[in-house]
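The values are calculated or read from the model by the stated rules, or taken from the named source; none is laboratory data. None of the values given here were measured: they were computed from a predicted structure. As a convention, Cβ positions derive from the backbone with ideal geometry for all residues, glycine included, and neighbour counts pool all protein chains shown. Heavy atoms of the whole protein, side chains included, go into the accessibility calculation; ligands, DNA and RNA do not. Shrake-Rupley method; radii C 1.70, N 1.55, O 1.52, S 1.80 Å.
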Amino acid sequence: TSAPLTLLARPYDFTFDPATTALVVIDMQRDFMEPGGFGESLGNDVSQLRSTIEPLAAVLAAVRAAGLTVIHTREGHLPDLSDLPPAKLNRGDAALKIGDVGPKGRILIRGEYGQDIIDELAPVEGEIVIDKPGKGAFYATSFGDVLAEKGIKSLVVTGVTTEVCVHTTVREANDRGYECLVLSDCVGSYFPEFQRVALEMIAAQGGIFGWVAPSAAFIDALA
Ligand code: C5J
């Protein structure tokens, strides 16, 4: 452990020990962030998520300099679709379904170009990448074991989308006893009103499942 750090957050100050804190970067994949992928196939305007990239790159730089654990996740399925429940495959009215061939490879399939993380936020040597079949990072993955192995107690959560994979992961982590800080400008939604309300939901009721702060407050605390 090292000296705990504190930053101004909602609903009140967030205190964390950098030695037991991981930065979690959720699903910053071409499939959600760029045209021709899963997100767009569901009818979304992917440009809505682009504003997260620059602040998240700055957070990654600060966290790498400070030596925190970094964990990236990617939503995706095995090439034979054996981990894809029909309920997920058949949901909605997508132009391209999971497993179909799109301009960036098979939609949301592990190992495909479109399923990988965008160049701007590519993982570096020593960072952990967790492939997950669901919206939450714990379900059917080694995420929980990795956190336990490393003695992680606090998660600083970023990525997309705020009300889906970020919320699911933060809710799951909160129930497992992790303290979660969500960086408001480093999470993104295709729906501006969901972005606002999803962040309010986290910090409401005395921080019912976490804290919320802008990335600058977190970077300042690390400096
Ligand atoms: C979605 C995600 N929105 N990463 N996935 O389907 O939030």
In region 1-35, the chymotrypsin sites (Phe, Trp or Tyr not before Pro) that fall in loop regions by DSSP, at most 14 other Cβ within 10 Å: Y12
Projected label distance in nm at A204 and Y113, using a 7 Å step from Cα toward the beta-carbon: 4.3 nm
Base-10 log of normalised Debye intensity for region 1-48 (one unit scatterer per alpha-carbon) at q = 0.15, 0.19, 0.32 Å⁻¹: -0.62, -0.68, -1.13
Alpha-carbon centroids, region 1-67 and region 83-102: separation in whole Å: 26 Å
Vicinal HN-Hα couplings computed from phi for region 59-69 (Karplus, 6.51 cos²θ - 1.76 cosθ + 1.60; Hz; Gly/Pro x): 5, 4, 4, 5, 5, 5, 5, 7, x, 6, 5
Fully extended contour minus Cα-Cα distance, from R196 to L42, at 0.36 nm per residue: 53.3 nm
Segment D80-V146, extension gain: residue separation times 0.36 nm, minus the distance between their alpha carbons: 21.1 nm
Overall Cα dimensions of region 126-223, principal axis frame, Å, largest first: 34, 33, 27
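When DSSP beta bridges are limited to those with both residues in region 98-208, what percentage is antiparallel, rounded to the nearest 5?
Expressed as a percentage, antiparallel bridges in region 98-208 total about 20.
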Inter-label distance for N90 and I53, nm, one decimal - labels placed 7 Å from Cα along Cα-to-Cβ: 3.7 nm
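To the nearest 20 debye, what is the magnitude of the charge dipole of region 96-138 about its Cα centre, counting +1 on the Cβ of each Lys and Arg and -1 on the Cβ of each Asp and Glu? Don't skip to the answer; put the middle values down first.
Working: 6 positive and 8 negative charges, 78 e Å.
It comes to approximately 380 debye.
How big is the dipole moment of the chain about its Cα centre under a simple scheme where the beta carbon of each Lys and Arg is +1, that of each Asp and Glu is -1, and everything else is neutral? Debye, nearest 20, please.
Numbers: 18 positive and 30 negative charges, 58 e Å.
The dipole magnitude comes to about 280 debye.
Among the DSSP beta bridges whose two residues both lie in the chain, what percent are antiparallel, rounded to the nearest 5?
Values: 7 of 34 bridges.
That works out to approximately 20 percent antiparallel.
For region 1-85, what is the accessible area per residue in Å², given a 1.4 Å probe and the full set of protein chains?
Counting only protein heavy atoms, the per-residue value for region 1-85 is 40 Å².
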Sulfur and carbon atoms: percent of accessible area, the chain [1.4 Å]: 54 percent
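Tell me the Kirkwood radius of the chain: reciprocal of the mean inverse pair distance over distinct alpha-carbon atoms, in Å.
Values: mean 1/r = 0.0572 Å⁻¹.
One over the average 1/r among Cα pairs gives 17.5 Å for the chain.
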The chain, helix-only ellipticity at 222 nm - DSSP H runs n ≥ 4, -39,500 (n - 2.57), divided by all residues, nearest 500: -8000 deg cm²/dmol
